[in-house]
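Visitor: Structure in structure tokens, see below.
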Amino acid sequence: MTNHLVSHVRSQFEPDPPTRIGVAVSGGGDSVALLHLLCHAFERDEVSIHAVTVDHGLRPEAVQEAQEVARLAARLGVSHDILRWERWDGQGNLQDQARRARYDLMQQWAMDKGLKTIALGHTADDQAETVLMRLARGAGVSGLSAMSTTRSLGDVVLVRPMLAISRADLRHYLETLKESWTEDPSNQDLRFDRIKVRQALEVLEPLGVTQASLSMVARNMEQAREALNWHVHDIAKRVVQFDGGDIVIPRADFLALPYETRRRLLVGAVNWITASEYGPRRAAVEHVLTALGQGSTGSLGGCHVLKQGDNLRICREYNAVRDLKTKLPEIWDHRWQIIGPTRVEGEVRALGEAGLQECDDWRATGRPRAALLATPAVWAGARLIAAPLAREEEKWQAKLEIGQEGFLGSLLSH
């Protein structure tokens with residue numbers, strides 16, 4: 001069993017393992033097992049392992065648990081860092097905010113240490129629970145494909161090398177090592193949906209709804225999702241045009257597509273324009289698609305979907321960026337870099353009505369008013385210095401951080 005687990009974990013990084021791997025270790029059985037497996041899977045001179053623990057500051061015991069991980073890492077000869085989240089204000093969904101904060105902290109940690117890969121301790125049980133939770137929410141193909149073995153987080157790749165390994169097998173592995181681990185008390189807290197689902201699986205098992213069968217559903221849906229993504233990617237290469245950071249699609253071509261293709265293409269466009277990792281809610285997407293089919297327009301996730309002649313134009317919504325400000329040459333709205341004279345001091349803000357009034361020839365751009373209002377402009381107080389997307393500028397240009405190829409690539413990763 002031990003050799004099988006070690007070989008499986010190693011195989012998830014082949015054929016070219018990174019020379020340095022970060023690993024998230026909470027102190028629970030899954031992550032402690034992952035740390036041991038990685039240390040056994042690679043020789044020290046082949047791959048160096050770097051552990052990290054995130055203390056969310058929500059339980060007094062977490063400090064001691066992080067220190068236990070530090071001692072374990074030292075015993076294994078692995079470097080270890082503790083990251084602390086101190087921004088919880090008691091508002092919103094605690095689990096969701098803690099999860100997002102955990103990934104943000106780990107991404108920054110990896111970038112600071114020059115790590116390109118972080119291994120996570122999700123198991124086949126986690127996969128099955130995720131499928132069941134998403135099934136209860138009426139998820140589609142992407143939702144039911146659950147967790148993928150790899151996922152990009154900016155320039156960092158998250159790897160889940162244990163999605164085919166059960167929690168029970170990992171506990172048995174730790175017992176053979178005579179290794180201890182921490183049991184998070186929240187794993188017994190029925191206020192959390194995942195714990196309710198975990199108990200429900202015990203009831204459903206006699207009906208054949210098991211960890212193994214749900215994991216198989218996830219694998220099947222992953223294959224279907226990949227096929228759909230390639231289909232949408234190929235359609236986009238054929239019908240999508242790019243203009244000033246907007247996406248333009250012939251309306252007749254868009255409406256002729258199958259519903260799921262339209263939905264994925266629209267969500268992909270909104271995510272690219274807003275530089276968002278997560279798409280808008282399915283109900284909101286369906287509402288806009290219905291409106292488009294009826295000849296109307298709509299707004300979605302901080303974007304407008306406009307009719308422009310025979311085309312649909314998906315562009316940024318002014319109200320979503322009206323208060324955004326960055327200093328030159330910083331990135332504005334997570335996607336625009338304004339390049340111009342280095343001696344000019346100013347800030348980048350949305351063009352807005354006041355700026356558009358100073359662009360006498362804005363109609364010559366061929367871009368609608370609603371789209372131009374949300375484009376980046378350089379300001380010195382109330383004085384407009386440059387509007388690269390709304391008028392001719394000899395010394396200024398607006399450059400996208402993630403261009404056309406980035407959009408097409410993003411369609412394959414969602």
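Visitor: If a residue must be basic (K, R) and more than 23 Å from E175 (Cα to Cα), how many such residues does region 33-85 contain?
Guide: Count: 3.
Visitor: Shifting gears a bit: The conditions are (1) open to solvent by 20 Å² or more (accessible area, probe 1.4 Å); (2) modelled with pLDDT of 95 or more, and L266 fails exactly one of them. Which is it?
Guide: (1)
Visitor: Any idea which residue in region 105-155 is farthest from T53 (Cα to Cα), counting only those that are of a type in the set (A, V, I, L, M), more than 16 Å from the chain's Cα centre (by Cα) and assigned to a loop (DSSP other than H, G, I, E, B)?
Guide: This residue is A139.
Visitor: Pick from L356, L411, L312, L400: which is surrounded by 13 or more Cβ atoms within 10 Å (Cβ to Cβ) and more than 33 Å from the chain's Cα centre (by Cα)? First the steps, then the outcome.
Guide: Details: L411 fails: more than 33 Å from the chain's Cα centre (by Cα); L312 fails: more than 33 Å from the chain's Cα centre (by Cα); L400 fails: more than 33 Å from the chain's Cα centre (by Cα).
Just a single option satisfies the conditions, and that option is L356.
Visitor: Give the number of residues within region 1-51 that are β-branched (V, I, T), free of Cβ contacts under 8 Å to residues at least 60 places away in the same chain and touching a helix residue (DSSP H, G or I) at 6+ places or on another chain (Cβ under 7 Å).
Guide: 2
Visitor: When only residues in region 97-141 that are among the polar types (S, T, N, Q), surrounded by fewer than 21 Cβ atoms within 10 Å (Cβ to Cβ) and at pLDDT 90 or above count, which is nearest to I21 (Cα to Cα)?
Guide: Of the residues in region 97-141, the ones among the polar types (S, T, N, Q) are 97, 107-108, 117, 123, 127, 130.
With the extra rule that they be surrounded by fewer than 21 Cβ atoms within 10 Å (Cβ to Cβ), the set shrinks to 97, 107-108, 117.
When the remaining residues are screened for being at pLDDT 90 or above, the result is 107-108, 117.
Details: Q107: 13, Q108: 15, T117: 5 Å.
If we take residues in region 97-141 being among the polar types (S, T, N, Q), surrounded by fewer than 21 Cβ atoms within 10 Å (Cβ to Cβ) and at pLDDT 90 or above, then T117 is nearest to I21 (Cα to Cα).
Visitor: If you check A350 against the conditions, is it touching a strand residue (DSSP E or B) at 6+ places or on another chain (Cβ under 9 Å), free of Cβ contacts under 8 Å to residues at least 40 places away in the same chain and aliphatic (A, V, I, L, M)?
Guide: yes
Visitor: Also: Considering (1) of a type in the set (A, V, I, L, M); (2) assigned to a strand (DSSP E or B); (3) farther than 30 Å from Y103 by Cβ, say which one V344 fails and leave the rest.
Guide: Of the numbered conditions (1) of a type in the set (A, V, I, L, M); (2) assigned to a strand (DSSP E or B); (3) farther than 30 Å from Y103 by Cβ, the odd one out for V344 is (2).
Visitor: Under 25 Å from E392 (Cα atoms), open to solvent by 10 Å² or more (accessible area, probe 1.4 Å), of a type outside the set (S, T, Y) and assigned to a loop (DSSP other than H, G, I, E, B): is that true of E330 in this structure?
Guide: Details: under 25 Å from E392 (Cα atoms): yes; open to solvent by 10 Å² or more (accessible area, probe 1.4 Å): yes; of a type outside the set (S, T, Y): yes; assigned to a loop (DSSP other than H, G, I, E, B): yes.
So E330 fits the description; yes.
Visitor: Mind checking which residues of region 302-327 are closer than 29 Å to G346 by Cβ, in contact (Cβ under 8 Å) with a residue 24 or more places away in the chain and not in a strand (DSSP E or B)?
Guide: G302, E317, Y318, A320, V321, R322, L324, K325
Visitor: Specify the residue that is nearest to A236 (Cα to Cα); the eligible residues are those in region 263-286 that are of a type in the set (K, R) and part of a helix (DSSP H, G or I).
Guide: As a first pass, look at region 263-286 and keep what is of a type in the set (K, R): 263-264, 281-282.
From the residues that got through so far, the ones that are part of a helix (DSSP H, G or I) too are 263-264, 282.
Numbers: R263: 12, R264: 10, R282: 20 Å.
In this case the residue turns out to be R264.
Visitor: Can you tell me which of (1) of a type outside the set (A, V, I, L, M, F, W, C); (2) farther than 30 Å from R262 by Cα; (3) modelled with pLDDT of 95 or more; (4) open to solvent by 20 Å² or more (accessible area, probe 1.4 Å) is the one R369 doesn't meet?
Guide: Here R369 clears every test but (2).
Visitor: Go through (1) more than 19 Å from G406 (Cα to Cα); (2) open to solvent by less than 50 Å² (accessible area, probe 1.4 Å); (3) out of contact with any helix residue (DSSP H, G or I) (no Cβ under 7 Å at 6 or more places or on another chain) for A256 and report which single condition fails.
Guide: (2)
Visitor: Quick check: anything in region 153-166 at pLDDT 90 or above, open to solvent by 40 Å² or more (accessible area, probe 1.4 Å), small (G, A, S) and closer than 20 Å to Q223 by Cβ?
Guide: Just the residues of region 153-166 that are at pLDDT 90 or above, to begin with: 156-166.
Subsequent filtering for residues that are open to solvent by 40 Å² or more (accessible area, probe 1.4 Å) retains 157, 164.
Still in the list and also small (G, A, S): 164.
From what's left, closer than 20 Å to Q223 by Cβ: 164.
Yes, region 153-166 contains at least one residue that is at pLDDT 90 or above, open to solvent by 40 Å² or more (accessible area, probe 1.4 Å), small (G, A, S) and closer than 20 Å to Q223 by Cβ.
Visitor: I'd like the full set of residues that are modelled with pLDDT under 95, open to solvent by less than 50 Å² (accessible area, probe 1.4 Å) and of a type in the set (V, I, T), limited to region 339-353.
Guide: V344
The values are calculated or read from the model by the stated rules, or taken from the named source; none is laboratory data. Since we're looking at a predicted model, the values are computed, not measured. We place every Cβ from the backbone using ideal geometry, glycine too, and count neighbours over all the protein chains shown. With ligands, DNA and RNA removed, areas are computed over all heavy atoms of the protein, side chains included. Shrake-Rupley method; radii C 1.70, N 1.55, O 1.52, S 1.80 Å.
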